[in-house]
Each structure stands twice: as C-alpha cells, then as structure tokens.
1. Is it fair to say H177 is in contact with a Leu (Cβ under 6 Å, 6 or more places away or on another chain) and over 17 Å from F131 (Cβ atoms)?
2. Exactly one of these conditions fails for W324: (1) open to solvent by 20 Å² or more (accessible area, probe 1.4 Å); (2) over 29 Å from R262 (Cα atoms); (3) touching a Pro at 6+ places or on another chain (Cβ under 9 Å). Give me its number.
3. Could you look through the stretch 259-295, keep only residues that are farther than 16 Å from K216 by Cα and of a type in the set (D, E, K, R), and pick out the one that is surrounded by the fewest Cβ atoms within 10 Å (Cβ to Cβ)?
4. Output the residues belonging to the stretch 389-419 that are polar (S, T, N, Q) and either within 14 Å of the chain's Cα centre (by Cα) or open to solvent by less than 10 Å² (accessible area, probe 1.4 Å) (or both).
5. Name every residue in the stretch 499-516 that is surrounded by fewer than 24 Cβ atoms within 10 Å (Cβ to Cβ) and of a type outside the set (V, I, T), in order of residue number.
6. Within the stretch 135-165, which residues are out of contact with any Phe, Trp or Tyr (no Cβ under 6 Å at 6 or more places or on another chain), of a type in the set (A, V, I, L, M) and assigned to a helix (DSSP H, G or I)?
7. Being of a type in the set (S, T, N, Q), under 16 Å from L527 (Cα atoms) and part of a helix (DSSP H, G or I), is that true of even one residue in the stretch 351-360?
8. Report yes if some residue within the stretch 300-321 is farther than 26 Å from M515 by Cα, part of a helix (DSSP H, G or I), modelled with pLDDT of 95 or more and touching a Cys at 6+ places or on another chain (Cβ under 8 Å); otherwise report no.
Amino acid sequence: MGGGCLIMDSNPMMFKVKRVLRMLSRPRLKDWFGWFLVMVIVAVVLSAVVITFEDGLFGHQPEPVPGPPGEIDPRYAEALNLGMMFFNVQKSGKLVNNTIPWRGDSGLKDGSEANLDLSKGMYDAGDHIKFGFPLAFTATVLSWGILEYGDRMQAVNQLDSAKGSLKWITDYLIVAHAAKNVLYIQVGDAYLDHKCWDRPENMTDYRPLVQINASKPGTEVAAETAAALASASIVFKKSDPAYSDELLLHAKQLFRFANRYRGSYTDSIPQVETYYKSSGYGDELLWAASWLYHATGDEFYLEYATGDIGEIYANWGNPSWFCWDDKLAGTQVLLSRVSLLGNRKSNLKGLHKYRKTAETVMCGLLPSSPTATNSRTPGGLIWINEWNNLQHSIGSAFLAAVYSDYMLTSRTARLNCNGVLHKPSDLRNFAISQIEYVLGDNPMNMSYLVGFGDNYPGYVHHRGASIPADSAYCTCDNGWKWLFSTKRNPNIAYGALVGGPFLNDTYIDSRNNSMQAEPTTYNGAVLVGLLSSLVTSSSLVSSFS
C-alpha cells in the first residue's frame, strides 16, 4: 500500500493537484472569484492527469501477443490454394501426381550435355527458360514463407503442397551445383527460346547449359542459391534430416564459392544480361550469410553480415525495394528477427543498423507516415515501374506482414516514424490493402490473380495456357497463331499473378502485352508468403530452429 502511494506521489501531475487543493484553505481565495479560478485550474490539471494516465496505460502498451492461428479467412484461403497451383503449372520434368490436366512431362533431357539430370526445376514465366537467379530466389522466399507461416499453411491444408514445390526446386539446384566451384545457372538459350511459341511438352529447340565457375564467377547467383539451400535446410530439418544436411552442405560450399570468386555473372557471361541483369552482388552475400546464420547458428555468418562486409554493402539507413535483384530490405527484416526475437542481446552495432533500416522501410510503406513513399497509384498500390510491378507491391506487403508479427511477438508496442507512432496492426492493414487491390478492390474491379473472382485476365502471356492441349502437334514455328489469337486462353493458368497495372491503375488484357500480362514463378512465391501471413489471424512467431 505504501508503494502505491509513493508511485502516485511521484507523478508530477498529482503533485500539482495537491498543491492547488492546499490553496483552497488560504483566506485570500475564499471570495467567489478565487474559488472559480481554483476550480478551473483543478479541472485543467485533472484533465491532464487523465490524458497522461490513459496514454501511459493504453497508448504505448503492446498489442496482445498472438496465440495459435485463429479464424481462417476463406477468401485468402481460396487465393492461397490458387497460388500453390501455379507452381504445378510451372513444373518441368517427369511430373508426379500431376493436377494440371493440360500439363505433361517436359524438359526430360535438360542437362544431358553435361551428363546431369536437370529435368526438374520450374520454368521462369510464360516462356521455357530455367533462369537460376530468380529460381533460387523463388526457393528462398518460399522457404521463408513456410518457416514463418507453416502453422497457418497447415491450418488450410497447404503446407505439404508448399514443401513439395520447394523440394522440386531444391532437387534441381543440388544437381545444378555440380562441383564446389561450379554451378549451372541456366537451361535453354533465351534468344532461341523466344523465337518459338510452343507448349513445353513439344519443345524442339536446342537447350544449352550456362555455368559459372572460378574463372567466370557469378557471385549473386551462387550466393542466392546458397540462401535458397540454407533456408530450405531449416524447412526440412525435422521432417527429413538427411536431406536437410545435404542442402546445408551445398549452401556452405556455394557461399564460399560466391565470396571467394567475386564478380557479377552478367559481366562474366555477357550473353545472359538481356534477361535478369544484376545490379550488384553485395546484397546477395549479406542475404546468404543471414540465412546461413539462421540455419547453423554459427556466429561467423552473423559477424560477416554485420561487420566490414555489411559496412560495404548494406547501405544502412537507405530504404530499398525487395525483389529478385535486390535483397537488402529482406535482409534487414530477416536480421531484425535476431534483434527482436533473439534469445540474447547482441552487441553487434551492425545488427542494430539493420533493424533501424528495416524500420525506415516500414515507415515508407505506411500511407499515414511522414516519410511515406509517393510511389503509389491513385488506387493505393505500391508502384515502382511498369514492367511486372506487382513484384514490388506484394514484396512490400509481405515484409510489412512479417515485421508486424515480429513486433507483436516481441511485445514491441510502436514503430516511430519521425515522431508519429504506428502499431503493428497498421503494418498488417497496409499488407491487407495491397492484397485486396490485387484480388479486385481496384479501379479496374479486376483480380490480378488468375482464377480468383469472376473478372480476371483471360489473355495471360503464357505459352502453355494459350495453346489447346488437344490441338494438333504444335512446333516452334507453327504455334504463333495462338499468341495472336483473339480468343481467351483455352487453358486457365490457375494461381498466376500477372505483372499488374500501370501507374494510372489501368490494365490491358492482351496476350502480347508481356509487360503487364506475364506471370512469374518468383512472384508466386512472394504471393504465397503474403497470403499465408494473412489467411488466419496473427499467430506467435516461432524460432526457426
């Protein structure tokens, strides 16, 4: 009881109230004006006390800690199911338990010129190339989504599907890593491939292999592949320990290869720069080291990312957009997990800088933040460029959802954006605004996820979807009529996320409009992570280990 009195007395506002009340007994205030003045002062001070008390009690208290996955949102569950289906649309190789009636075996001889079986993996987009750089990113992000939200995937019976699609990619990546310092990064010639319009089952064009090695380095691809295999090793650690160990062994070797033989793959192999030209490899080194730290617990990788290499490449304090070519924002959020949820207090200065930069990224996304980005359409969608813009929209939303859950789990009450405070739910609401736009709440009243709702793109730039599966044999040369056909695609590429709208919120539904109408496999991975984060109410974030 005495402690309670001490606490109240220690409040300066209460001290002022008591001082005013003592004034009531003074003779010079017993006239009516004096009483009136005193009562006004008391009212003002008491109001300040109430406001201060309420702000302290409610305004800065953390939002409730989430429990297990709660109520399922049926719309997001439907969209997530579609998103999972698109991985099956994109599969190469000898298909097992195929659920896509218009797809069949393809690419069965991929890798044969090097005596390797590179038949698995997934096609990149609407074409038939296997680009290793974005494919590895697909695996890394899909792993991240499973690790953060596997319980929510399980709640809607999608976890096994997600892990199966991930393994289809990582099986390919393991084979592609043919030696310690050799990684096959591409199957197919993009120039030759884009001279054809055919089904993958009927491919006849030459499919050469492209590799990086010690004399022709490709740091960003090797590092991204290391990140993919390291993150996947955590996914399979309990369910398949031997496979997890194999993944981690390759990840470590690839990281050493990437770090020792530095150079951009588009500089080493100029003929591949037309597609997926890299802007630099520093972000991939940091991203890979961060995932290897989570996979191994080895402090070397954390010190690598937060030390001198971080000083060179992390670009702390400057926000960026998360996508296949730039992993800095993803790394910042991923390492914020260590500082927010870690079981020890790290004294690494770089770790704090990652978290502060992650907060800068989050503040830029929130529309009501003083530092909110202006890179939005009038309809509220994050918009960066006209080619495949939705990668930035859903990438930003995914990071916001993840960071929101980190804040909730760590009991972090507020995000300070230049003096304006935001709650974790503000970040979640931003993520919801982006996915709702994608699913149809936009000026076009169109869903950009194929198969969702009644109005979605019918002329998706996708070869397999555009050519009837039961048509006469379609070759490289005679399939072009299907590209220019005025009929809607005969096959529905369920779960395909198209490139999205222009800055003015418009969309041209044309098969020949690859800028807007072409879906990509890596967009699908980010979409699955985002939908998994929202399919149920927030749940407690668990340790990766």
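The values are calculated or read from the model by the stated rules, or taken from the named source; none is laboratory data. Computed from a predicted model, the values in this text were never measured in an experiment. All Cβ positions, even for glycine, are placed from backbone atoms using ideal geometry, and neighbour counts span all protein chains on display. To get the accessible areas, we keep the full protein, side chains included, count just its heavy atoms, and leave off ligands, DNA and RNA. Shrake-Rupley method; radii C 1.70, N 1.55, O 1.52, S 1.80 Å.
1. It is false that H177 is in contact with a Leu (Cβ under 6 Å, 6 or more places away or on another chain) and over 17 Å from F131 (Cβ atoms).
2. With (1) open to solvent by 20 Å² or more (accessible area, probe 1.4 Å); (2) over 29 Å from R262 (Cα atoms); (3) touching a Pro at 6+ places or on another chain (Cβ under 9 Å) applied to W324, the lone miss is (2).
3. Among those that are farther than 16 Å from K216 by Cα and of a type in the set (D, E, K, R), it is D283.
4. Answer for the stretch 389-419, where residues must be polar (S, T, N, Q) and either within 14 Å of the chain's Cα centre (by Cα) or open to solvent by less than 10 Å² (accessible area, probe 1.4 Å) (or both): N389, Q391, S393, S396, S404.
5. Once the filter is applied, which keeps residues that are surrounded by fewer than 24 Cβ atoms within 10 Å (Cβ to Cβ) and of a type outside the set (V, I, T), the stretch 499-516 yields F502, L503, N504, D505, Y507, D509, S510, N512, N513, S514, M515, Q516.
6. Once the filter is applied, which keeps residues that are out of contact with any Phe, Trp or Tyr (no Cβ under 6 Å at 6 or more places or on another chain), of a type in the set (A, V, I, L, M) and assigned to a helix (DSSP H, G or I), the stretch 135-165 yields L135, A136, A139, V141, L142, I146, M153, A155, L159, A162.
7. no
8. no
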